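The values are calculated or read from the model by the stated rules, or taken from the named source; none is laboratory data. Everything quoted here is computed from the prediction, not taken from an experiment. So basically every Cβ, Gly included, is an ideal-geometry build from the backbone, and we count neighbours across all protein chains shown. Just the protein is used for accessible areas: all its heavy atoms, side chains included, with ligands, DNA and RNA removed. Shrake-Rupley method; radii C 1.70, N 1.55, O 1.52, S 1.80 Å.
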Amino acid sequence: MGQKGVQRPLQKLFSWVRKQSNKVKTFLGVFTVLTLLVTLKLLIHEHNHFFVLAEFAHFVGILVLIYKLTTHKTCSGLSLKTQQLTATFLFARLFCSLQIEGDIHTILDLVTLVATFWLIFMMKYKLKSSYMTDLDNMKKYIVIVPSLVIAFFIHPRTNNLILSILWAFAVYIEGVSVLPQLRLMQNVKIIEPFTAHYVFALGVSRFFSCAHWIIKVYDTSGSYLSLSGGGFFWIPMIILAEIVQTFVLADFCYYYVKSVMQGQMMVRLPA
């Protein structure tokens, strides 16, 4: 009774939002994002905690997939290519992190990488019959090649050029690694709960990471854009990569929250 009582006003809210013009929807979206950013700034004072939260949210999403694969014995609806791209940027970032300085991020990346390798192994071999090969049809070079080219020209300035390019490559790949998964979901249209939980966790992860950079720039009155030894282009490119992935996932997160509020197990995407 209590849950239904909460859902009804939320359903009315979503119904009202759907009827609004695109301008009103855009305003409401921007207002919501700004409200969340202000709330995070007031609650979290250590910028490094944003990254920890982002990495933890990603790991929780991976745990959801592990549960799905071990209990339901199927990888239907999951993009193998997204997992391979995820392993790529995690491996690159972990390698750079070990060369520079190991910390909590290194541990989280290592655990997430191991879990991602396990997912790839299960999808390629143990649960291959349930993998939607024909629907996971986005070419990986579409995201790998541009990321590598941009990383070659725009990267942090350090004494080790290879590490700098590799770190930048990891940042750019991370920003677009979810695209094959989104492409597969657009092909399927109806997303089962565990896959939906995973992608929503990625959205939460990206939001925390994006919030870190935006709040960092705000707290330094914009001067941080030219710091970190990267000239004027490196930090803006990081922020751009974070914003791109956040907005790419924002549309799905809207339909996810809408489905949850309406008590629906499946997430239905528009045609």
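Return a yes/no flag: does region 69-81 have any residue that is in contact with a strand residue (DSSP E or B) (Cβ under 7 Å, 6 or more places away or on another chain) and more than 28 Å from Leu148 (Cβ to Cβ).
yes
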Here the qualifying pairs (Cβ atoms under 7 Å; residues six or more apart or on different chains; first in region 51-64 and more than 24 Å from Cys75 (Cα to Cα); second part of a helix (DSSP H, G or I)) come out as Phe51/His105; Phe51/Ser209; Phe51/His212; Val52/Ile104; Leu53/Phe208; Ala54/Ser205; Ala54/Phe208; Ala54/Ser209
Single residue of region 118-177 satisfying the filter (open to solvent by 30 Å² or more (accessible area, probe 1.4 Å) and charged (D, E, K, R)) that is modelled with the lowest pLDDT = Arg157
Looking at (1) touching a helix residue (DSSP H, G or I) at 6+ places or on another chain (Cβ under 6 Å); (2) under 19 Å from Ile62 (Cα atoms), find the lone condition where Thr158 falls short.
-> (2)
Considering residues that are out of contact with any Lys or Arg (no Cβ under 6 Å at 6 or more places or on another chain), surrounded by 13 or more Cβ atoms within 10 Å (Cβ to Cβ) and either at pLDDT 80 or above or in a helix (DSSP H, G or I) (or both), the number found within region 221-239 is 8
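Look at region 241-255 and say how many of its residues are in contact (Cβ under 8 Å) with a residue 12 or more places away in the chain and among the aromatic types (Phe, Trp, Tyr).
The total comes to 2.
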